[in-house]
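Report on the structure given below.
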Amino acid sequence: MLDIESSALIDLLRAERAAGNPTLSAHLDEVAEECETSGKPAIDIIENYGLFTRAEMLAIIAESLGSYIWNPRAVDLSRELVNLLDVNTARTRGVIPIAREEGCVHLAMRQPLDYQLVEAMRFILGQDVLPVACDPDQFESELDRYYPEAEDSVSDIIAEMGTVELSDEDVPDEDKANEMPIIKFVDVVIHQAIKDKASDIHFEPFEKNFRIRYRVDGALYEMPEPPRSLATPVISRIKIISGLNISERRRPQDGRIQLRYNGRPVDLRVSCLPTSHGESVVLRVLDRSVVNLELDALGIGEDVLAKLREMIQLPNGILLVTGPTGSGKTTTLYSALSEINKIEDKILTAEDPVEYDIAGLIQCPINDAVGMTFQKALRAFLRQDPDRILVGEIRDFETAQIAIEASLTGHFVFSTLHTNDAASTVTRLMDMGVEPFLIASSLAGVLGQRLIRRVCPECKTFYTPTDEDLDRLNLERAQVGDRKFCYGRGCEYCSNTGYKGRKALTELLVVNEELREMIAAGTPSSMLRDKACEFGMRTLRDDGLLAIYNGETTVDEVVRYT
């Protein structure tokens, strides 16, 4: 169902701009449909469609209200203004008092067009209210600034639950899962994970204990351990809210949870796996606000980035991004597609699953259960007149064959492959059964990638590398010279881990004419790697050493991932 704010914005744009413009009116109909199906706010969808900029929409909203647009950076709010509302009212209603004149309070609002909310605030404040427009992203950050949420921690909830009586053993799991203590516990665990920018949440039942872990910056951290008795109701609660069959415990299941956190949409992909002590559940957190889909934000070296940018502009060929699971391959491909996402090009993607919706891309989810495989999607793509194609992963000979066919008929193909380094990608394709001459004629380049943790900037400490450090990196002291290495001591900012954020280590193999001849002749990957290095390729280990020299990461991280 369309929310009041989205409905009001669409109606306002119809009245103000779509009168006598059937094309715009039709686009607004599409926006309304997408709002209903996706649950996303109209202002985001309209901006993604390119119908209006956010600034234009805010100006139209402000004009219709006889109001203005609040610029939070212009002035700090006084404590007197902030105290007009308590935290609960401000956050629940999505309002911030920003000015006051005789008999009237100016309220910046998350939903300024919601007339019911405006009337409610008049009643709560006991005086007239002027609704004020504000950029939604800025509004949420200011709401957190002036009315910070006092969130319960996982430890607090576990302690609290020690005093709460849950239903006895005879009560069905579904009823236990809907009891308030379980609902609150699951909500707090999920919200804490999103707040901590975790990429995954693991719920792991064992014979005598129940473990919950978050993955942050690639490393798993254990949360305070809840009682073992909570495992079944907690996992049942997750299955209920993700639309899974609560009574099916013998087979793996996959589901999805859509929620809003601090006003922004967050997707959770749910995977249930039967084990000997109950079901193990992993939630993949897909928070678009955490992922910056820009090539410049990936931490790739400027020289490699320049070559990569040249490559993705080619009219045809194949770019493969390789690396283990969780090495950021999909993010790199999304960032590349976002950069070349122009109105004059048609871009189709086949993904398993579609992780982030990107405006302008035709994104198709793979579903083996109904026969929608990568091969079938690719064959269908070739009849859709695309310019560029993303295949989530090349898993078999047939997918590789169709991808090569697409590249040889005037399309540029992006995909991923699981290999240890860039050069061994050629051997992997040959092992699948692809002829060397086809690889040579279609492959434009291979980007090998790993994600390593960055040293926390707040507690970064420099030191002279020890002999052990140099030995682990196979370096002589003369090669290092007087360079200092660094590590993180641990502080509140990085939760005492010594690390904050991640960067990509890369090696980019650009296929030139000499390498094509070597590939066509079936040259071993070790010789391809040596030749590529002669042409300027920096290996993953060398890129890691550069990151150490630049004070970005530690010896432990580079040794671990290269």
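The values are calculated or read from the model by the stated rules, or taken from the named source; none is laboratory data. Computed from a predicted model, the values in this text were never measured in an experiment. Every residue, glycine among them, receives a Cβ derived from its backbone with ideal geometry; neighbour counts consider all protein chains shown. Accessible surface is based on the protein model in full, side chains and every heavy atom, while ligands, DNA and RNA are left aside. Shrake-Rupley method; radii C 1.70, N 1.55, O 1.52, S 1.80 Å.
Using only the alpha-carbon atoms of the range 177-255 as identical scatterers, what base-10 log of I(q)/I(0) does the Debye formula give at q = 0.22 Å⁻¹?
These q points yield log10 I(q)/I(0) values of -1.16.
For the range 203-336, max minus min Cα coordinate along each principal axis, in Å, sorted largest first?
56, 34, 28
Search the structure for amide H atoms under 5 Å from the amide H of Val321, placed 1.01 Å from N in the peptide plane, and list their residues when 5 or more places away or on another chain.
Hits under the 5 Å cutoff: Ser415, Thr416, Leu417, Leu447.
In Å², and per residue, what accessible area does the range 204-347 have when probed at 1.4 Å with the other protein chains present?
Accessible area per residue: 47 Å².
Putting +1 on Lys and Arg Cβ atoms and -1 on Asp and Glu Cβ atoms, find which of Ser64, Asn88, Leu77 reaches farthest to the positive end of the dipole of the range 59-103.
Asn88
Pull up all non-local amide H partners of Arg538: gap of 5 or more, or a different chain, and H-to-H distance under 5 Å with H placed in the peptide plane.
HN-HN under 5 Å from Arg538: Leu508.
In whole Hz, what ³J(HN,Hα) sequence does the range 340-352 give by Karplus (6.51, -1.76, 1.60; θ = phi - 60°), x for Gly and Pro?
9, 6, 10, 4, 7, 10, 9, 10, 10, 10, 10, 10, 9
Note down the magnitude of the dipole of the range 371-453 about its Cα centre, charges +1 on Lys and Arg C-beta and -1 on Asp and Glu C-beta and zero elsewhere, to the nearest 20 debye.
I would put it at about 280 debye.
How long are the three semi-axes of the equivalent ellipsoid of the chain, in whole Å, if each is the root of 5 times an eigenvalue of the C-alpha gyration tensor, listed from largest down?
Each semi-axis is the square root of five times an eigenvalue, giving 43, 32, 27 Å.
Rank Met430, Val105, Ala231 by how far each Cα sits towards the positive end of the charge dipole of the chain (+1 on Lys, Arg Cβ; -1 on Asp, Glu Cβ) and give me just the farthest.
Met430
Expressed as a rounded percentage, what relative contact order does the chain have, with Cα pairs under 8 Å and six or more residues apart?
9 percent
Using the Karplus curve 6.51 cos²θ - 1.76 cosθ + 1.60 with θ = phi - 60°, work out ³J(HN,Hα) for each residue of the range 233-243 in order, rounded to whole Hz, and write x for Gly and Pro.
Those phi angles translate into x, 5, 5, 4, 4, 5, 5, 5, 6, 9, x Hz.
For the range 463-504 and the range 195-214, compute the distance between their C-alpha centroids and round to whole Å.
29 Å
Output the antiparallel fraction of DSSP beta bridges having both residues in the chain, as a percent to the nearest 5.
Bridges in the chain are about 65 percent antiparallel.
Quick one: which residues, 5+ away or cross-chain, put their amide H under 5 Å from the amide H of Val132? H built at 1.01 Å from N.
Answer set, sorted by chain and number: Leu107, Ala108, Met109.
With +1 assigned to the C-beta of every Lys and Arg and -1 to the C-beta of every Asp and Glu, and no other charges, what is the dipole magnitude of the chain about the Cα centre in debye, to the nearest 20?
Roughly 980 debye for the chain.
Considering Cα pairs under 8 angstrom that are at least six residues apart, work out the relative contact order of the range 1-150 and quote it in whole percent. Walk me through the numbers on the way to the answer.
Values: 173 pairs, mean separation 33.6, N = 150.
Relative contact order for the range 1-150 comes out at 22 percent.
Which values of log₁₀ I(q)/I(0), to two decimal places, follow from the Debye formula for the range 307-361 at q = 0.24 Å⁻¹ with a uniform point scatterer at every Cα?
-1.19
Relative to the Cα centre, what is the charge dipole magnitude of the range 280-379, using +1 at the beta carbon of each Lys and Arg, -1 at the beta carbon of each Asp and Glu, and rounding to the nearest 20 debye? Write down the numbers at each step before the final one.
Working: 9 positive and 14 negative charges, 66 e Å.
The calculated dipole for the range 280-379 is roughly 320 debye.
So which cysteines in the chain don't have a second cysteine's C-beta under 4.7 Å from them?
Cys35, Cys104, Cys134, Cys272, Cys364, Cys486, Cys533 - these cysteines have no disulfide-compatible partner (Cβ-Cβ under 4.7 Å) in the chain.
Looking at Val154, Thr554, Asn178, which one has the Cα that reaches farthest to the positive end of the dipole of the chain (charges on Cβ: Lys, Arg +1; Asp, Glu -1)?
Thr554
Just for the Cα atoms in the range 371-429, what are the lengths along the principal axes, largest first, rounded to whole Å?
In descending order, the Cα extents are 34, 27, 14 Å.
Tell me, what HN-Hα J-couplings in whole Hz come from the Karplus equation 6.51 cos²θ - 1.76 cosθ + 1.60 at θ = phi - 60° for each residue of the range 504-520, using x for Gly and Pro?
8, 9, 9, 9, 10, 9, 8, 7, 9, 4, 5, 5, 4, 5, 5, 5, 4
Which percent of the accessible heavy-atom area of the chain goes to carbon and sulfur, probe 1.4 angstrom?
Details: 12890 of 27040 Å².
Of all accessible area on the chain, carbon and sulfur atoms account for 48 percent.
Return, for the Cα atoms of the range 1-139, the radius of gyration and Dmax in Å, separated by a comma.
15.7, 49
Based on the alpha carbon coordinates of the range 337-436, what radius of gyration and maximum Cα-Cα distance (Dmax) apply, in Å?
Just the Cα atoms of the range 337-436 yield Rg and Dmax of 13.6, 38 Å.
State the Cα centre-to-centre distance between the range 235-305 and the range 342-378 in whole Å.
Between the Cα centres of the range 235-305 and the range 342-378 lies a distance of 19 Å.
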